[in-house]
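Have a look at the structure below before the remarks.
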Amino acid sequence: MANNNKETKSNYRTIAICVSIITIIIWALSFLLFTTNWDKEERGTFGDMFGAVNALFSGLAFAGLIVTLIMQHEELGLQRKELAQTNDELAAQREEFVAQTKTMKIQRFENTLFNMLSLQQGIVYSLDYIPQDGADPNPESRGKYVFDVFYNKKITKFQYGNEQQIMGIKGLIQAENDIQAYRRVSEISIFDSYFRHLYRIFKYIDESQLIDDTERYSYSCIVRAQLSDYELLLLFYNALTIDDNGAFKFKHLIEKYAIFNNIRESMLARQHEDYILYHGGAYIHQI
């Protein structure tokens, strides 16, 4: 495009130079003819002829004006094109800047999130359940296995009338027909740090200004995928416990991000009766 502009300018410059040279030659000839020793009759003849030449010269002058106007018009057109091209380049630069800014925000968010997930895994691995009395025959358990022990195997209560042992959180909820029995399981507090930090992870995803709503759900799915079946089951009952402010803070996030999308209703203590304690958004993401 730049080469075409240069060629156009060169053509108009050549035309202008030619017109100027022709004009100078005609005026020079006129001057020479009228300053020679020709008689009046000859001068009159040539005068008539140069009258026509003057008309031609006036036409050439007008043509020069037209050429000048055309050149100016072309210059303005080129300037408009260059301005449009500059605007396009600026728009592309703005888009690139926005994309780079978004990428930097995502990187900042992910660095924090994955550090939190790493810490969460550390909390899980540090879980260590050692039965405190001889009545619980379960061996010492560590890490993710502790969730299974507490949900299914830990001795939670004796019914001395028929010498029946109630085993696990699941068995206790079934026996008492009360989900709040979860809180009455001895040593359940060993999970407090785990649930507090897990709540902070989902809260960070929910409140971060570095991502949009679609990305929030995508990242919550990443966190959800880290949770085992028994982690989900303990979370199910933990989040139904009212906090100190009388609110179900974690329950709200569970229902917002379908954290129980992979939970099995058949594994719940009272199955469907417990399942319906959460809004449908806890199981299927509501767009």
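Miscellaneous remarks
- Residue list for the range 251-262, filter: out of contact with any Lys or Arg (no Cβ under 9 Å at 6 or more places or on another chain) and under 15 Å from ILE179 (Cβ atoms): LYS251, ILE254
- Pick from the range 175-203, criterion of a type in the set (Ser, Thr, Tyr) and crowded, with 17+ Cβ neighbours inside 10 Å, ranking: farthest from TYR125 (Cα to Cα): TYR182
- Helices (runs of 4 or more DSSP H) wholly inside the range 224-287 that include at least 2 residues being surrounded by 15 or more Cβ atoms within 10 Å (Cβ to Cβ) and in contact (Cβ under 8 Å) with a residue 60 or more places away in the chain: 229-238
- Subset of the range 204-216 that is surrounded by 14 or more Cβ atoms within 10 Å (Cβ to Cβ) and not β-branched (Val, Ile, Thr) - its residue that is farthest from the chain's Cα centre (by Cα): TYR204
- Inter-residue pairs, beta-carbon under 8 Å, first outside any strand (DSSP E or B) and in the range 138-149, second β-branched (Val, Ile, Thr), 6+ apart: ASN138/VAL149; ASN138/ILE155; GLU140/ILE130; GLY143/VAL124; LYS144/VAL124; VAL146/ILE190
- Across the range 92-126, the qualifying residues are those that are of a type in the set (Ser, Thr, Tyr) and more than 21 Å from the chain's Cα centre (by Cα), and the one among them that is farthest from LEU227 (Cα to Cα) is SER126.
Since every read-out is calculated from the coordinates, none of them should be taken as a lab result. Note that this is a predicted model, so its numbers are computed, not measured. So basically every Cβ, Gly included, is an ideal-geometry build from the backbone, and we count neighbours across all protein chains shown.
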